[in-house]
Amino acid sequence: MEKIKLMTDSVSDISYANEQQYNIQVVPIKLAVGGRTLVSRIDFDNEQFYRMLDEYNEIPSTSQITAYEFSEIFEQNYKDGYTDVINVSVNSTGSATYESSLMAAQEFYENHPEAVGKFLIHNIDSASYTGCYGFAVVEAAKMIEKGIAADDVVAYLKDWCENVTVCFAPYTLKYASKSGRIPSVAAFLGNKLNIKPIMCLNDREIVTVGKVRGERNIVPEIIKRTVAEMEVGSPYCIVYGNNKLAQKEITDLMTEKLGYPPADSYQIGAAIAVNAGPNVIGLIYRKK
């Protein structure tokens, strides 16, 4: 009989409630902030991190989860009698975390040849960020609760990750400029002229797909693009930061537009906020 352990990293932005309810192992990333090394979800929560961003002039740096950390986790799961470990990692284009998980799996089997074919490590590259794969991990946890086989859960996760995207916008370019995502001159002009970029995940990369003038046009433009591109009738999620009014606005308008509410909402954590800033709004959806 299968005994499955489901795990992911904290960039997935899975809520504490879902982490606990569905017994998902969320491995935290580390950040260097003001000369200190802090662990996400342990040393601070999202709201505390947003305040940190305003307290320091420099942008905090993030570090990937190491192969050593994964090795320790795989060793413990093996000792605990699991037959399968399903691990979903942040986009390998933006982080070496997925590569670390592969290295750890290889090392594990070299040290435990007797485990080959008995203890299966399924490492999945989400090719995305935040709730794009956080949602899929939570859905996978529900599948495991129902007794669905590990191979079928892995197939679902890979299919979702191959077809999901996010369309979002930052309300200010201050943080994207600091992190180097947008040139400082372009960010200055954008803020000066009140121009807001609409950004989407495209082939593993976050790219600018359009622009709007003024904050009031952000949510309507994101909704327009989402409705045109999403698979009809499929679940969608809200991604947001510290702007609860924008979260409510986009939730209400999408529910009215589609006739059904979002499947979940994901508040961005430190890994996303360091680049986009805390004031963002967007939609996660499955592409046609």
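The values are calculated or read from the model by the stated rules, or taken from the named source; none is laboratory data. Everything quoted here is computed from the prediction, not taken from an experiment. Positions of Cβ are backbone-derived with ideal geometry, glycine not excepted, and every protein chain shown enters the neighbour counts.
Tabulated data for the structure shown
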| quantity | calculated |
| --- | --- |
| The listed residue being under 20 Å from the mean Cα position of the chain (by Cα) and either without any contact (Cβ under 8 Å) to a residue 60 or more places away in the chain or exposed (fewer than 12 other Cβ atoms within 10 Å of the Cβ) (or both), out of Ile42, Ile29, Ile14, Ile59 | Ile42 |
| Thr83 vs. criteria among the β-branched types (Val, Ile, Thr), at pLDDT 95 or above, farther than 24 Å from Lys30 by Cβ and more than 16 Å from the chain's Cα centre (by Cα) | yes |
| Listing of helices (runs of 4 or more DSSP H) fully contained in the stretch 76-178 that carry 1 or more residues being of a type in the set (Phe, Trp, Tyr) and over 20 Å from Met199 (Cβ atoms) | 97-111, 150-163 |
| Positions within the stretch 234-254 being crowded, with 17+ Cβ neighbours inside 10 Å and either in a strand (DSSP E or B) or touching a helix residue (DSSP H, G or I) at 6+ places or on another chain (Cβ under 7 Å) (or both), in sequence order | Tyr236, Cys237, Ile238, Val239, Tyr240, Gly241, Asn242, Ala246, Glu249, Ile250, Met254 |
| Output for the stretch 25-38, where each listed residue is aliphatic (A, V, I, L, M) and either closer than 19 Å to Gly134 by Cα or out of contact with any helix residue (DSSP H, G or I) (no Cβ under 9 Å at 6 or more places or on another chain) (or both) | Val26, Val27, Ile29, Ala32 |
| Check on Thr66, among the β-branched types (Val, Ile, Thr) and either under 18 Å from Val137 (Cα atoms) or at pLDDT below 95 (or both) | no |
| Boolean, Val232 is of a type in the set (Val, Ile, Thr) and modelled with pLDDT of 95 or more | yes |
| Considering residues of the stretch 45-56 that are surrounded by 13 or more Cβ atoms within 10 Å (Cβ to Cβ) and not hydroxyl-bearing (Ser, Thr, Tyr) only, the residue nearest to Asp80 (Cα to Cα) | Asp45 |
| Subset tally (residues that are within 21 Å of Ala136 (Cβ to Cβ) and out of contact with any strand residue (DSSP E or B) (no Cβ under 7 Å at 6 or more places or on another chain)) for the stretch 228-243 | 3 |
| Strands (runs of 3 or more DSSP E) contained in the stretch 9-62 and holding at least 2 residues within 16 Å of Asn275 (Cβ to Cβ) and in contact with a Lys or Arg (Cβ under 7 Å, 6 or more places away or on another chain) | none |
| Candidates Asp125, Asp152, Asp80, filtered to the one that is surrounded by fewer than 20 Cβ atoms within 10 Å (Cβ to Cβ) and under 28 Å from Tyr285 (Cα atoms) | Asp152 |
| Which numbered condition Lys5 misses (of (1) in a strand (DSSP E or B); (2) of a type in the set (D, E, K, R); (3) out of contact with any helix residue (DSSP H, G or I) (no Cβ under 6 Å at 6 or more places or on another chain)) | (3) |
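Here's the yes/no breakdown for (1) among the polar types (S, T, N, Q); (2) buried (at least 22 other Cβ atoms within 10 Å of the Cβ); (3) part of a helix (DSSP H, G or I):
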site: Gly210; (1), (2), (3): no, no, no
site: Ile222; (1), (2), (3): no, yes, yes
site: Val227; (1), (2), (3): no, no, yes
site: Val232; (1), (2), (3): no, no, no
site: Glu256; (1), (2), (3): no, no, yes
site: Ala273; (1), (2), (3): no, yes, yes
site: Ile281; (1), (2), (3): no, yes, no
site: Ile284; (1), (2), (3): no, yes, no
